[in-house]
Amino acid sequence: MRKGTVNFLGLLTEYFESYLPTVKGVSRNTIISYQYAFALLFEYMELEKGLTADKVSFGNLDGDSILRFLQWLEETRACSIKTRNQRRAAIMSFAKYAARKFSTETISFYSDIADIPPKREPKTNEIKDFTKDEIGILLNLPNTAKRIGQRDVTLMSVLYSSGARAKRFAILRKRRHVW
């Protein structure tokens, strides 16, 4: 097979209809999500490059195009970083599949995608410390007339005095519906 002769849409169809459900056994929701990622990629290619889906090929999907597509998702479509990374993962999964099937013709596509790292999310969920009043409220929640309540107060006291974070208290509270 000569370079550029791999049918992009044909291989993509095979990937969605045969490989993902049969070989990998992914859920229908995963397939739908991956298909949507490619629908968005085709939308981007048509809007930004004037290429309809039937004209998209491995040759015109280089790393720069994919990187600009991911930026377009964030800037134009206001997608979150998680969504951007999920779309990248969908394209990367297909790139791996294509590289296994037709390594000579698709290796540059695969390596270009592999060179684009997932974007890190800025940490926004800072865990704040409890105030003394809040700790007092927490320690008064369990029913200390029962042994389980005494145990709960002891555990919370140990967590508090050891510097455990507020998030851990919340996890304990979810697991134990007695508080």
Helix 81-101 sits at what angle to the longest principal axis of the chain, using alpha carbons and giving 0 to 90 degrees rounded to 10? 50 degrees
Determine the alpha carbon to alpha carbon distance for each of Lys24/Lys49; Lys49/Lys123; Lys55/Lys101; Lys49/Lys96; Lys101/Lys123; Lys82/Lys132 and list only those over 30 Å. Lys24/Lys49; Lys49/Lys123; Lys101/Lys123; Lys82/Lys132
Percent RCO, i.e. relative contact order, over the stretch 67-164, from Cα pairs under 8 Å lying at least 6 residues apart: 18 percent
Surface accessible to a 1.4 Å probe, per residue, for the residues of the stretch 1-123, Å²: 57 Å²
Sequence-separation-based contact order of the stretch 1-70, relative, with Cα cut under 8 Å and 6+ spacing, percent: 38 percent
Tell me which label goes with the value of Kirkwood radius over Cα pairs in Å computed from the coordinates here: (1) 16.7; (2) 20.1; (3) 20.7. (2)
Measure off, as a whole percent, the carbon and sulfur share of the 1.4 Å-probe accessible area of the chain, all protein chains present. 50 percent
Averaging sequence separations of C-alpha pairs under 8 Å and six or more residues apart, then dividing by the length of the chain, give the relative contact order as a whole percent. 19 percent
Which order do the peptides 73-80, 90-97 take when ranked by the mean count of other beta-carbon atoms within 10 Å per residue, highest first? 90-97, 73-80
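The values are calculated or read from the model by the stated rules, or taken from the named source; none is laboratory data. These numbers were taken from a predicted model, which means no experiment stands behind them. Reconstructed Cβ throughout: ideal geometry from the backbone, glycine too, with neighbour counts over all protein chains shown. Just the protein is used for accessible areas: all its heavy atoms, side chains included, with ligands, DNA and RNA removed. Shrake-Rupley method; radii C 1.70, N 1.55, O 1.52, S 1.80 Å.
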